[in-house]
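**Q** First the structure, then my questions, so here it is.
Readers should treat all values here as calculations from the given coordinates under stated rules, not as data from a laboratory. Quick caveat: nothing in here was measured; it's all calculated off a predicted structure. Glycine also receives a Cβ, built like all others from the backbone with ideal geometry; neighbour counts cover every protein chain displayed.
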Amino acid sequence: MTKRIPFTKMHGLGNDFVVIDAREHAVPPMTAAAVRALADRRTGVGCDQLILLQPSEAPEAGHAFRMRIFNADGSEVQACGNAARAVALLHGEAAVIETGGGPIRLEPIDGGARVDMGAPRFDWDAIPLAYAMDTAAMPVGWDSLENPMAVNVGNPHVIFFVDDADGVPLESLGPVIEHDPLFPERVNVNVASLAGKDHLRLRVWERGAGLTPACGTGACASAVAAIRRGLVASPVRVSLPGGDLVIAWQQGGTIQMSGPATTSFHGSFDWDDFA
């Protein structure tokens, strides 16, 4: 008998997700091929990421459940800030949850959710990079994009500060940088421009998904990088094509991200159609 799988379609600032809740009713093992088929916007449901909720692997630590994140290309990744806000909305109450990048705390608030994304990491081997270098001012460049910062906020990011983020041909440079051998696990590519003493404009090429209207971890990484360089003061408003997020961070602390999340619709599909 065909197994019918319920899902919730959600988005955070246009970064959209198919959320499958397998906390009480198990689903078949998720494969890269199934993710790609479901994410297809013509023949599947369509999404940037597929989110799978499963029972906690460490309930004794107070973790409510586990969140797994799959990009549209089928690759599994460790963190997604926009998805965390969507899941907070779906869960409906504050909780500590497990992700591949470590436990995070999420909490629904008016109009969306607040997520404690944990502490950023800056060591070259924590990004990771292929070899040692100063991640605060990397001596590398691609065309007009030079001397980025690198931050791991549960997944790897490089951030380029430019005069005009909208003027960067990210659709062509993004995939080149993402797949550069310098980044053994590939990388998310951010171009940010200063819009005020506490305001950034940001565009993101997301690893495994491409250009995106919003990227929560990209907003976190870019705000942290700008604060480290003394360009802005916390909290930082980060304006992406899909809308704004607010990122708060102090040296030595964890990253607090606040922003909207929305449920689009509920549906179901036959597993055999996509397996």
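**Q** Select from the range 148-216 those trypsin sites (Lys or Arg not before Pro) which occupy a DSSP coil region and have at most 10 other Cβ atoms within 10 Å, ordered by residue number.
**A** 197
**Q** What relative contact order, as a whole-number percentage, does the chain give when Cα pairs under 8 Å and 6 or more residues apart are counted?
**A** Once normalised by length, the contact order is 21 percent.
**Q** Could you work out which residue, out of 173, 200, 50, moves most in a Gaussian network model of the chain, that is, has the largest mean-square fluctuation with Cα springs under 10 Å?
**A** With Cα springs under 10 Å in the chain, the top fluctuation among 173, 200, 50 is at 173.
**Q** A further question follows. Are there chymotrypsin sites (Phe, Trp or Tyr not before Pro) in the range 114-173 that DSSP marks as loop and that have at most 15 other Cβ atoms within 10 Å, and which are they?
**A** Here the sparse-neighbourhood loop sites are 131.
**Q** Mean-square fluctuation check for the chain, GNM, Cα pairs under 10 Å: which of 172, 258, 222 is largest?
**A** With Cα springs under 10 Å in the chain, the top fluctuation among 172, 258, 222 is at 172.
**Q** For the chain, go through all pairs of different Cα atoms, get the mean of 1/r, take its inverse, and jot down that Kirkwood value in Å.
**A** The answer is 18.7 Å.
**Q** I'd like the distance separating the alpha-carbon centroids of the range 93-126 and the range 206-275, in whole Å.
**A** When both Cα centres are located, 11 Å separates them.
**Q** Normalised radius of gyration for the range 151-190, please: alpha carbon Rg relative to 2.2 N^0.38 Å, two decimal places.
**A** Taking the Cα Rg and dividing by 2.2 N^0.38 Å, one obtains 1.18.
**Q** Now, a different point. Determine the dipole magnitude for the range 77-178: charges of +1 sit on the beta-carbon of Lys and Arg, -1 on that of Asp and Glu, nothing else is charged, the reference point is the Cα centre, and the result goes in debye to the nearest 20.
**A** The calculation lands at about 400 debye.
**Q** Distances longer than 22 Å among the Cα atoms of the range 124-253: what percent of all pairs is that?
**A** More than 22 Å apart: 26 percent of the Cα pairs in the range 124-253.
**Q** How large is the charge dipole for the chain, taken about the Cα centre, if only the Cβ atoms of Lys, Arg (+1) and Asp, Glu (-1) carry charge, to the nearest 20 debye?
**A** 380
**Q** Hey, another quick one. Taking loop as defined by DSSP and a crowding limit of 12 other beta carbons within 10 Å, which GluC sites (Glu not before Pro) in the range 1-70 fit?
**A** The qualifying sites are 24, 57.
**Q** Now for a different question. Residue-wise, which Karplus ³J(HN,Hα) couplings in Hz belong to the range 150-167, taking 6.51 cos²θ - 1.76 cosθ + 1.60, θ = phi - 60°, and x for glycine or proline?
**A** Per-residue couplings from phi come out as 10, 9, 9, 10, x, 8, x, 9, 10, 10, 10, 9, 10, 5, 9, 4, 5, x Hz.
**Q** Dipole magnitude of the range 124-253 about its Cα centre, charges +1 at Lys/Arg Cβ and -1 at Asp/Glu Cβ only, in debye to the nearest 20?
**A** Once rounded to the nearest 20, the dipole reads 400 debye.
**Q** Can you work out the Karplus-derived ³J(HN,Hα) for every residue in the range 89-94? Use 6.51 cos²θ - 1.76 cosθ + 1.60 with θ = phi - 60°, whole Hz, and x for glycine or proline.
**A** Using θ = phi - 60°, the values come out as 5, 5, 6, x, 7, 4 Hz.
**Q** Given springs between every Cα pair under 10 Å in a Gaussian network model of the chain, which of 25, 63, 179 has the largest fluctuation?
**A** Greatest mean-square fluctuation among the candidates belongs to 25.
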